[in-house]
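Notes to accompany the following structure.
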Amino acid sequence: MEYSDRKIKSRMIDVEHEQHRYIYRTAKRVFDFVASLIGLVILSPVFLMVAIAIKLEDPKGPVFYSQVRLGKQQRAFRMYKFRSMVVDADKKLKKLLKHNDVEGPMFKMKEDPRVTIVGRFIRKYSIDELPQLVNVLLGQMSLVGPRPPLPREVAEYTEFDKQRLTVMPGCTGLWQVTLRNDASFEEMVRLDLKYIDRRGFWFDLYVLIQTVAVFFKPNGAY
């Protein structure tokens, strides 16, 4: 069956079932809070080193970058990252959209000229994502879940695609530890829905372990 047909005929997510998984959701939140707090403390030297590297390359630019994303049930929040692009990257995006390497609402460009030298390194090893531990601590994100999309991306979503917004977004997920940037938008949605359908404590743990493995052996991040 073609993907376009599945959009009409398939509904993978049992929303009512997800809403009644109280024990799992509570345990997941407790784990997220404790793990993100410990992670922020342990990784504080890494935060300092990255901050220094960013400032050495661009003394006038900020260390952190924040962007409005949409989470569970399309609730907006500000997501944090280490800045990996030039300061005016958002203003330059419109001119680069025609060079998008991914079909669909998501924008990815392999040789994005906006990425800084430090940015290329921290993006390759996903170090730029570490500040999202603050989002996890605040309860805006989970350690594992679908990546939170931009509002302009969601504006192009079909009802099928919006199913990935039925759960808390995550710092890492199934598509990040498998296809990563080699995934098309449709493949990303498929993997996110597969995660939602199968998610549980042991599956979350599996994704986290795979995330650590990807850190040492990057799988297509850029």
Count of residues meeting criterion [open to solvent by 60 Å² or more (accessible area, probe 1.4 Å) and in contact with a Lys or Arg (Cβ under 8 Å, 6 or more places away or on another chain)] in the stretch 88-103: 2
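In the stretch 138-164, which residues are open to solvent by less than 40 Å² (accessible area, probe 1.4 Å), of a type in the set (D, E, K, R) and not in a helix (DSSP H, G or I)? Can you show your working first?
Initial filter on the stretch 138-164 (open to solvent by less than 40 Å² (accessible area, probe 1.4 Å)): 139, 141-150, 153-154, 157, 160-161, 163-164.
Still in the running and of a type in the set (D, E, K, R): 147, 153, 161, 164.
The answer is Arg147, and nothing else.
Within the stretch 177-222, take every residue that is of a type in the set (D, E, K, R) and open to solvent by 60 Å² or more (accessible area, probe 1.4 Å) and give me the one that is modelled with the lowest pLDDT.
Residue satisfying both the conditions and the ranking: Asp182.
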Those residues of the stretch 119-137 which are touching a helix residue (DSSP H, G or I) at 6+ places or on another chain (Cβ under 8 Å) and either open to solvent by 50 Å² or more (accessible area, probe 1.4 Å) or acidic (Asp, Glu) (or both), in sequence order: Phe121, Tyr125, Asp128, Val134
Long-range neighbours under 8 Å by Cβ, at least six apart or interchain, first residue closer than 15 Å to Ile117 by Cβ within the stretch 56-74, second of a type in the set (S, T, N, Q) and in a loop (DSSP other than H, G, I, E, B): Glu57/Thr116; Asp58/Thr116
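Here is a yes/no grid of residues against (1) in contact (Cβ under 8 Å) with a residue 12 or more places away in the chain; (2) more than 23 Å from Met49 (Cβ to Cβ):
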site: Lys98; (1), (2): no, yes
site: Pro105; (1), (2): yes, yes
site: Arg123; (1), (2): yes, no
site: Gln132; (1), (2): yes, no
site: Val154; (1), (2): yes, yes
site: Gln163; (1), (2): yes, yes
site: Asp197; (1), (2): yes, yes
site: Gly200; (1), (2): yes, yes
site: Ile209; (1), (2): no, yes
Index of the failed condition, Pro169 passing every other in (1) open to solvent by 60 Å² or more (accessible area, probe 1.4 Å); (2) modelled with pLDDT of 95 or more: (1)
Search result, residues across the stretch 35-55 that are surrounded by 13 or more Cβ atoms within 10 Å (Cβ to Cβ) and without any contact (Cβ under 8 Å) to a residue 12 or more places away in the chain: Lys55
Members of the stretch 105-118 that are in a loop (DSSP other than H, G, I, E, B) and open to solvent by 50 Å² or more (accessible area, probe 1.4 Å): Lys108, Lys110, Glu111, Pro113
Residues being among the basic types (Lys, Arg) and part of a helix (DSSP H, G or I) - total across the stretch 75-104: 5
Residue in the stretch 59-70 that is surrounded by 16 or more Cβ atoms within 10 Å (Cβ to Cβ) and closer than 30 Å to Phe160 by Cβ present: yes
Odd one out for Val30, checked against (1) at pLDDT below 95; (2) farther than 20 Å from Ser126 by Cα: (1)
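The values are calculated or read from the model by the stated rules, or taken from the named source; none is laboratory data. Being a predicted model, the structure only gives us computed values, none of them experimental. With ideal geometry, Cβ positions are generated from the backbone for all residues, glycine too; neighbour counts draw on all protein chains shown. Heads up: the accessible areas ignore ligands, DNA and RNA and are worked out on the full protein's heavy atoms, side chains in. Shrake-Rupley method; radii C 1.70, N 1.55, O 1.52, S 1.80 Å.
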